[in-house]
Amino acid sequence: MSLLPAGAQSVGSADGGSVSSGSTVPNSSQDPVPPRPELRDDITTPAIVGVKQKSPQWVRFTVASPALRREVGVDVLLPKDNSVPRPSIYALEGVDAPESSSEWAKGGGAADFFADKNVNVVMTNGGVSSLYSDWDNIDPTLGLHKWETFITQELPPLLDARLNTNGVKSLLGLSMGAQGAMMLAHRHPGMYQGIAVMSGCYSTTDDVGRMCVQQTISSRGGDAANIWGEIGGPGWTAHDTVLNAEALRGMDIYVSSMTGIPGRYETPESNLFDRIVIGGPIEAVSRMSTERLQSKLRSLGIPATFKYHATGVHAWNYWKDELPATWPTLARSLDLPA
């Protein structure tokens with residue numbers, strides 16, 4: 001089942017509120033899926049091999065990853081005060097996940113919002129259609145995806161040592177990154193203290209979940225058969241947060257969704273086709289999945305904050321506005337003042 005009308009293509013909006021950066025549909029206004037990175041067999045040990053200071057509070061590391069068999073970029077927003085160890089937020093983004101720089105720090109407003117927060121914000125680059133997961137097979141179009149290993153095993157020790165962190169971590173995600181963050185949380189209980197996600201899909205085995213995963217992958221030319229084995233099989237079950245929600249117990253949790261109904265950013269000056277015909281249905285599906293997760297957590301007696309907006313589509317404008325609402329939950333999880 002496709003959320004994209006037959007024959008339709010998404011086009012970007014001139015106001016910077018493009019739907020596609022976090023969506024599950026193609027967007028002709030953006031660069032095509034980047035060429036598959038050349039895989040290297042000479043990377044045997046995770047290491048930071050490059051550092052670029054983009055601003056006083058923004059550094060970009062180049063990290064050699066044995067799991068991904070290449071070098072990848074990682075943007076980190078730094079606190080003003082590094083005199084004592086600080087906690088970290090790992091921020092995951094949408095389906096297009098560019099190699100060049102994190103959309104969280106650009107269109108997502110993270111650089112400004114976190115400038116006065118006592119936390120490191122870690123933003124990986126790359127991972128188009130990956131769901132930030134370890135795939136069973138190399139995809140002919142999308143290449144090698146071993147992002148779970150990179151994010152949970154390879155990257156943290158490098159950054160903890162380089163940034164003198166206190167080792168405490170929480171997760172932040174939107175759209176594909178929301179689903180990826182939830183999967184990391186339930187698959188690695190105890191690793192993260194909190195999670196804040198927006199506009200995601202949190203199952204993999206029910207009707208909505210299978211559709212979301214398949215669309216996330218096929219929208220960028222990938223084949224869902226390469227991710228976790230047989231569709232609906234044990235690999236898919238292991239990545240279903242709703243089925244594995246018990247593993248979230250003890251975390252501080254924030255989840256939000258719009259409805260897909262046009263809101264304040266759907267104006268004549270914006271691209272209404274992109275935002276309403278495409279971004280609307282995507283957000284409506286996210287709303288359905290969010291409600292299913294809430295129902296499951298409630299049945300288990302796991303406390304969580306759920307926030308539903310009356311209007312809004314699947315677009316960066318709304319996520320940027322929502323970012324401050326995630327802070328009380330993230331701050332509490334990191335033992336920081338809200």
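The values are calculated or read from the model by the stated rules, or taken from the named source; none is laboratory data. All of these numbers come straight from a predicted model, not from anything done at the bench. When we count neighbours, we look across all protein chains shown, and the Cβ atoms used for this are built from the backbone with ideal geometry, even at glycine.
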Entirely in the range 47-156, the strands (runs of 3 or more DSSP E) that have 3 or more residues that are farther than 24 Å from Leu336 by Cβ: 47-55, 58-65, 70-77
Failed item in (1) under 18 Å from the mean Cα position of the chain (by Cα); (2) more than 16 Å from Ile89 (Cα to Cα); (3) touching a residue at least 60 places away in the same chain (Cβ under 8 Å), with Ala247 passing the rest: (1)
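Out of curiosity, is Asp75 charged (D, E, K, R), surrounded by fewer than 19 Cβ atoms within 10 Å (Cβ to Cβ), more than 19 Å from Val197 (Cβ to Cβ) and free of Cβ contacts under 8 Å to residues at least 60 places away in the same chain?
On the way: charged (D, E, K, R): yes; surrounded by fewer than 19 Cβ atoms within 10 Å (Cβ to Cβ): no; more than 19 Å from Val197 (Cβ to Cβ): yes; free of Cβ contacts under 8 Å to residues at least 60 places away in the same chain: yes.
For Asp75, the condition - charged (D, E, K, R), surrounded by fewer than 19 Cβ atoms within 10 Å (Cβ to Cβ), more than 19 Å from Val197 (Cβ to Cβ) and free of Cβ contacts under 8 Å to residues at least 60 places away in the same chain - is not met.
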Selection within the range 298-338 - in a loop (DSSP other than H, G, I, E, B), modelled with pLDDT of 95 or more and within 24 Å of Lys169 (Cα to Cα): Gly301, Ile302, Pro303, Ala304, Leu334, Asp335, Leu336
Subset of the range 259-284 (residues that are in a helix (DSSP H, G or I) and either closer than 20 Å to Ala196 by Cβ or touching a Lys or Arg at 6+ places or on another chain (Cβ under 6 Å) (or both)): Ile282, Glu283
The range 127-143: number of residues that are over 11 Å from the mean Cα position of the chain (by Cα) and on the phi > 0 side of the Ramachandran plot: 1
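Per-residue answers, yes or no, for (1) without any contact (Cβ under 8 Å) to a residue 60 or more places away in the chain; (2) buried (at least 24 other Cβ atoms within 10 Å of the Cβ):
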{"position": "Ser83", "(1), (2)": "yes, no"}
{"position": "Gly109", "(1), (2)": "no, no"}
{"position": "Ala115", "(1), (2)": "yes, no"}
{"position": "Ser129", "(1), (2)": "no, yes"}
{"position": "Leu163", "(1), (2)": "no, no"}
